[in-house]
Amino acid sequence: MLRSVIGSPFAVGGTWRRPGFPACRHTRWGPETTLREPRSSCRRHLHRRGARAGKVGPGEPGSLVGVLFVDPPEAAVRMDISESDPVASRAAREIPGVAPDLVTGFAEVLATVSRTRGPIGEDHLRSRAEAGARAARQGVPMSEVIDLHLRVTRLAWSQLPGVREASSAGQVRLCGEAVLRAQDAAVMAVAEGYQSAQRWSVRQEEAFRREFVDDLLDGRNLGDLAERAERFGVRLAGSTVVTAVRADLPLVDGGDVVRAVVSALHVRPLYRDVLVTTKNGLLVCVAPGTTRGVVEEFVHRVGAAMPAHVGWSAGIGDRQAGPGGVVRSFEQARAALDIAERLGLPGRTHRAGDLLVYQVLSRDSAALADLISVVLLPLRTVRGGPGPLVDTLAAYFAAGQVTAACARQLNVGVRTVTYRLSRVRDLTGYSVDDPAQALSLHIAVLGVKLLGWPTGDMSGFPPSLPESGNHRPPDSA
């Protein structure tokens, strides 16, 4: 369709003629052509005049040719929006790397809304949500997907049937409000679909990571463990060291303490190969054995992230090689935590290598139980139970067999400590003054704690160590 800023409209078919002038061979129009009478009888003449005047060239929809405005017919508008959808292609070309299929059909939805001025349909909203989910899977940023939809609205606005058919400014305003409402609803559906796809992807990644951590720390599926470890930045070809932290509060993935430790470690490139996870309430760090200072840095970050009123301790396994070495180092770290808790060892960190003698004792629980039966069972006859005497022995050996230091630790007098030690000698026949007998007493007292034997009731004791993980560390400095 052609429109001029001057003259009166009339419709002709075939060759265009101006009344009173012969037909010009340069200008031929179709039967649907309507125009307003120009000041020249030839389109080519008009183009030349427009070119001399510095106006835009012909052939583009909506461009100025002389004093004529050239608009595409309605059939072309309907085809552009619904069939070939060049609006989506033009919008996608403005954003490099974004496929036009993410907005396919959106211009047609806007065309329908511009005429009906009603809300966008549920089917179209689901289509927009699916487009958002598809964009998330393709790795397209959400901002670019939303920008793509906004560009489609801008490019399609002048071609919308409701805009072209509007006969007044009020109708254009109503059409614009309906189109903007549809655009808002579509963008919200795109964002919801995008976020849902991201949440599903995160949950799936967490499930894969949880499965990998369980297999790694339990020693399952060792065949493909090294290949799966690369996905999470863990290298199992060399040696690894496992550190386990137990606290009074539960340590879970996504908790404040875990997130703070992970963020503090991974900000340094040297520690990006470190895996920090949780297992049965423990905070676990799997680090390369060749990286210096990683264990100390991990323990330091845990102390900084842990609340001041929460008691915690860390067990450090020995450096082990291969995927199976992770399991062995983890078991050593857990055993160090259990031994330190039962013996009440001071300090926050406990290395498995420093506690080997206690591990040797705990491995042969039957022999240890026999030793306790021979050495300490006679203490059952004491009024009030054997607890005070066993505690005095433990404090005496912990103080380096210094009576005054033992008394300060127990908050009793020195003569009280001396009296209790003499009572032990009278009842058991073992004296702390004899080195060999003192060793037997010391091992027996340690065995009571290692086996979890309650000193208040020595009528029986468990034949093996209790399950690790049911204990909590002492709040020691």
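The values are calculated or read from the model by the stated rules, or taken from the named source; none is laboratory data. Nothing here was measured: the structure is a model prediction, and the numbers come from that model. Here the Cβ is made from the backbone with ideal geometry for all residues, glycine too, and neighbour counts use every protein chain on show. Just so you know, the surface numbers come from the protein's heavy atoms only, side chains and all, with ligands and any DNA or RNA stripped out. Shrake-Rupley method; radii C 1.70, N 1.55, O 1.52, S 1.80 Å.
In segment 135-162, the residues that are under 16 Å from Asp184 (Cβ atoms) and touching a residue at least 40 places away in the same chain (Cβ under 8 Å) form Cβ pairs under 8 Å with partners that are hydroxyl-bearing (Ser, Thr, Tyr) and part of a helix (DSSP H, G or I), at six or more places apart or across chains, as follows: Met142/Tyr194; Val145/Tyr194.
Taking every residue in segment 347-361 that is farther than 11 Å from Ala336 by Cβ and part of a loop (DSSP other than H, G, I, E, B) and pairing it with any residue that is open to solvent by less than 20 Å² (accessible area, probe 1.4 Å) and aliphatic (A, V, I, L, M), at least 6 positions away or on another chain, the pairs with Cβ-Cβ distances below 7 Å are Arg348/Ala314.
Among the residues of segment 160-185, those identified as of a type in the set (A, V, I, L, M) and touching a Pro at 6+ places or on another chain (Cβ under 9 Å) are Ala178, Ala182, Ala185. Looking across segment 173-203, just one residue is closer than 13 Å to Phe106 by Cα and among the acidic types (Asp, Glu), and that is Asp184. When segment 318-352 is filtered for residues that are crowded, with 16+ Cβ neighbours inside 10 Å, of a type outside the set (Ser, Thr, Tyr) and under 28 Å from the mean Cα position of the chain (by Cα), the ones remaining, listed by number, are Gly322, Pro323, Gly325, Val326, Val327, Phe330, Glu331, Ala333, Arg334. Restricting segment 353-381 to residues that are open to solvent by less than 30 Å² (accessible area, probe 1.4 Å) and of a type in the set (A, V, I, L, M), the residue that is nearest to Asp426 (Cα to Cα) is Leu379. You will find that of Val414, Val424, Val390, the residue that is surrounded by fewer than 19 Cβ atoms within 10 Å (Cβ to Cβ) and either at positive phi or in contact with a helix residue (DSSP H, G or I) (Cβ under 8 Å, 6 or more places away or on another chain) (or both) is Val414 and no other. Of all the residues in segment 122-140, those that are surrounded by 14 or more Cβ atoms within 10 Å (Cβ to Cβ) and outside any helix (DSSP H, G or I) number 1. Would segment 200-220 turn up any residue that is touching a helix residue (DSSP H, G or I) at 6+ places or on another chain (Cβ under 6 Å), polar (S, T, N, Q) and either assigned to a helix (DSSP H, G or I) or surrounded by 13 or more Cβ atoms within 10 Å (Cβ to Cβ) (or both)? Scanning segment 200-220, I find no residue that is touching a helix residue (DSSP H, G or I) at 6+ places or on another chain (Cβ under 6 Å), polar (S, T, N, Q) and either assigned to a helix (DSSP H, G or I) or surrounded by 13 or more Cβ atoms within 10 Å (Cβ to Cβ) (or both), so the answer is no. When restricted to residues that are under 12 Å from Arg117 (Cβ atoms) and either in contact with a strand residue (DSSP E or B) (Cβ under 6 Å, 6 or more places away or on another chain) or in a helix (DSSP H, G or I) (or both), segment 151-169 contains 3. For the structure I just gave you, tell me whether Asp433 is farther than 17 Å from Gln401 by Cβ, open to solvent by 50 Å² or more (accessible area, probe 1.4 Å) and either in contact with a Phe, Trp or Tyr (Cβ under 6 Å, 6 or more places away or on another chain) or acidic (Asp, Glu) (or both). Considered against the rule, which asks whether it is farther than 17 Å from Gln401 by Cβ, open to solvent by 50 Å² or more (accessible area, probe 1.4 Å) and either in contact with a Phe, Trp or Tyr (Cβ under 6 Å, 6 or more places away or on another chain) or acidic (Asp, Glu) (or both), Asp433 comes out as no.
Among the residues making up segment 262-301, a single one is assigned to a helix (DSSP H, G or I), touching a Leu at 6+ places or on another chain (Cβ under 7 Å) and hydrophobic (A, V, I, L, M, F, W, C): Phe298. Tallying residues that are over 19 Å from the mean Cα position of the chain (by Cα) and open to solvent by less than 10 Å² (accessible area, probe 1.4 Å) within segment 244-281 yields 4. Within segment 244-258, can one find any residue that is of a type in the set (A, V, I, L, M, F, W, C), farther than 28 Å from Gln138 by Cα, at pLDDT below 75 and not in a helix (DSSP H, G or I)? The answer is no, given that none of the residues of segment 244-258 is of a type in the set (A, V, I, L, M, F, W, C), farther than 28 Å from Gln138 by Cα, at pLDDT below 75 and not in a helix (DSSP H, G or I). Scan segment 163-199 residue by residue and report those that are touching a residue at least 12 places away in the same chain (Cβ under 8 Å), surrounded by fewer than 15 Cβ atoms within 10 Å (Cβ to Cβ) and among the hydroxyl-bearing types (Ser, Thr, Tyr). The answer is Ser196, and nothing else. Among the conditions (1) modelled with pLDDT under 85; (2) closer than 29 Å to Gln409 by Cβ; (3) touching a Gly at 6+ places or on another chain (Cβ under 7 Å), the only one that Val360 does not satisfy is (3). Suppose the filter is modelled with pLDDT of 80 or more and closer than 30 Å to Arg128 by Cα; does Glu205 pass it? When the stated conditions are applied, Glu205 does not pass them. Taken together, Arg425, Arg415, Arg408, Arg383 contain a single residue that is of a type in the set (Lys, Arg) and within 30 Å of Ala336 (Cβ to Cβ), which is Arg408.
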